[in-house]
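Here the structure comes first, spelled out in structure tokens, and everything after it is commentary.
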Amino acid sequence: KAGVTQTPRYLIKTRGQQVTLSCSPISGHRSVSWYQQTPGQGLQFLFEYFSETQRNKGNFPGRFSGRQFSNSRSEMNVSTLELGDSALYLCASSMGGATEAFFGQGTRLTVV
Amino acid sequence: QKEVEQNSGPLSVPEGAIASLNCTYSDRGSQSFFWYRQYSGKSPELIMSIYSNGDKEDGRFTAQLNKASQYVSLLIRDSQPSDSATYLCAAQSGGNDMRFGAGTRLTVKP
């Protein structure tokens, strides 16, 4: 069974640009959650999608957005990149509800 | 106010010893609890889940949950150098997002 796949693995962007990250969940999983991880802040919850609907949202500015497609694949977009957006972005998929969630390999974003 | 608290460590134990990792949570509605292991530069890997009070054992790992005390722990028996990693505790309630602690860094010395 394939795991959670995130693309790309690495990205270097310039301040002010925008970026789109992709996450393909485990087959059959309908929930996708996104997290930002930095050394100082740990794992910070961005948002969660279930059956194409955003169910939960963390405390991030509107520059961070996401969506989920009918096949449960999800994308997150960050517009007007700032240096502080440099981080490891992780997505996790689950069946939904309070069930086990599995992480992808992450996308390491560097903003210069 | 942090909702999931862990000792940040670092926690150092000798090879073969028992490593004990602790976690408390503030949301009494939390129903599911998870332990993840994260090696440096890698993504978190699920190692244990626990949903009801008591102990749950899986190989060298034992998770313990006490909902009355809002306390979760992870014991690693016969610790190995390969267990050296950051261990993340997470709690979740219903359809809400999973809340993570800051993680405890464990070092197992040969």
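Computed over chain A with a Gaussian network model linking Cα atoms closer than 10 Å, the most mobile of A:Gly42, A:Gly16, A:Gly66 is A:Gly42. Label separation (B:Asn66 vs B:Glu45): 3.0 nm, computed from points 7 Å beyond Cα along the C-beta direction. When Lys and Arg each count +1 and Asp and Glu each count -1, what net charge do the other residues less than 11 Å away from B:Gln38, Cβ to Cβ, add up to? The answer is +2. Other residues with beta-carbon under 14 Å from the beta-carbon of B:Ser93 carry, at +1 per Lys or Arg and -1 per Asp or Glu, a net charge of 0. If you take all other residues with their beta carbon under 14 Å from the beta carbon of A:Thr80, and give Lys and Arg +1 and Asp and Glu -1, the sum is +1. Report, in whole Å, the centroid distance computed from the Cα atoms of the range B:61-103 and the range A:1-69. Centre-to-centre (Cα) distance: 23 Å. With contacts taken as Cα pairs under 8 Å and at least 6 residues apart, chain A reaches a relative contact order of 36 percent.
Model label sites at B:Glu5 and A:Ala2, defined 7 Å from Cα along the beta-carbon direction, differ in position by 4.3 nm. Here the simple spin-label model places points 7 Å from the Cα toward Cβ, and for A:Ser22 and A:Tyr10 these points are separated by 2.0 nm. Taking A:Gln54, A:Gln41, A:Gln17 in turn, the Gaussian network model of chain A (Cα-Cα springs below 10 Å) assigns the largest fluctuation to A:Gln41.
Read-outs: derived from the displayed coordinates by stated rules, not from any lab. Predicted model only: the values in this text are computed from it and were never measured. Cβ sites come from the backbone with ideal geometry, for glycine too, and all protein chains shown count toward neighbours.
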